[in-house]
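Everything on this sheet refers to the single structure shown next.
What follows is calculated from the coordinates using simple rules that are stated; it is not laboratory data. Since this is a predicted model, take the numbers as computed values, not measurements. Counting neighbours? That spans all protein chains shown, and the Cβs are built from the backbone with ideal geometry, glycine included.
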Amino acid sequence: MYDIAVLEWLHSHTLSYSIPMLQVISYTTTYVSIALALAVLIISIVKKSKAIRRQFYIVATVLIFVAIVSQGLKTLIYRERPFEAYPSIEKLSEAGSSSFPSGHTLEAFAVATVLSIMFSGKKIVIPLFIWATLVAYSRMALGVHYPSDVLAGIVIGVFIGWIVPWIFKRLIPGSKVNSGSINFNS
């Protein structure tokens, strides 16, 4: 009940001129995630750093886990999209089959979490989480996810972004989560 009430309020209070920007934010989620992973790889090559290369492997593993978990949950838990269930919600973006969880949100928060763990500093952490939050908001404002889909995406994404580096650190020798090799604070 609260889920649809919050969604209807958000959807009806979205400024019409912001819709194209929100669509771009949604559409580019995977491109941004891959670009960030590739940036870590490129930095590892340029700096000839095995430690940073391991961090690339961690980010790549996060992206693989995100795809498996997101699609797995969507297959196991079918939930009708809001625009399918409620005539008051207009579909303003592309959407797949099941609504639960928000895969875009899950991916954005997983990437923001893992990169903020590995490369701490306000210059990277704040923009990453602003981006992830905008992705989450956009999925609701565009009428393709319920707030609970987005909340689940945030929780699962943060968990994946945290657990993968933790596993690497515990199971793979020499896998420092934060090598300090890249300084974004200066």
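Choose one of Ile52, Ser33, Leu128: the residue whose Cα lies farthest towards the positive end of the charge dipole of the chain (beta-carbon charges +1 Lys, Arg; -1 Asp, Glu; about the Cα centre).
With unit charges placed on the Cβ atoms, the residue in question is Ile52.
With a length cut of 24 Å (Cα positions projected on each helix's long axis) and a Kyte-Doolittle mean of at least -0.5, go through the chain and give me the DSSP H helices that pass. Write down the numbers at each step before the final one.
Details: long enough: 29-47 (27 Å, 2.06); 50-76 (38 Å, 1.09); 122-141 (27 Å, 1.10); 147-171 (35 Å, 1.42).
What comes out of the filter, once short or polar helices are dropped, is 29-47, 50-76, 122-141, 147-171.
Within segment 18-171, how many Lys pairs sit with Cα atoms under 29 Å apart, leaving out pairs fewer than 8 places apart on the same chain?
Pairs that pass both the separation and distance tests number 12.
With the crude spin-label approximation of a point 7 Å out along Cα→Cβ, what separation in nm comes out for Tyr17 versus Phe159?
So the label points at Tyr17 and Phe159 sit 4.1 nm apart.
Show me the trypsin sites (Lys or Arg not before Pro) within segment 1-91 that DSSP assigns to loop and that have at most 10 other Cβ atoms within 10 Å of their Cβ. Show your work: numbers first, answer last.
Numbers: sites: Lys47, Lys48, Lys50, Arg53, Arg54, Lys74, Arg79, Lys91; in loops: Lys48, Arg79, Lys91.
Of the trypsin sites (Lys or Arg not before Pro), the ones in loops of segment 1-91 whose Cβ has at most 10 other Cβ atoms within 10 Å are Lys48.
With label points built 7 Å along Cα→Cβ from the Cα atoms of Tyr31 and Ala67, find their separation and express it in nm.
1.8 nm
Taking the Cα atoms of the chain, what is the range of coordinates along each of the three principal axes, in descending order and whole Å?
Computed over the Cα atoms, the extents are 55, 36, 23 Å.
Dipole size in debye (nearest 20) for segment 18-171 around its Cα centre, Lys and Arg Cβ +1, Asp and Glu Cβ -1? Intermediate values should be presented prior to the final figure.
Working: 14 positive and 6 negative charges, 199 e Å.
Magnitude of the dipole: close to 960 debye.
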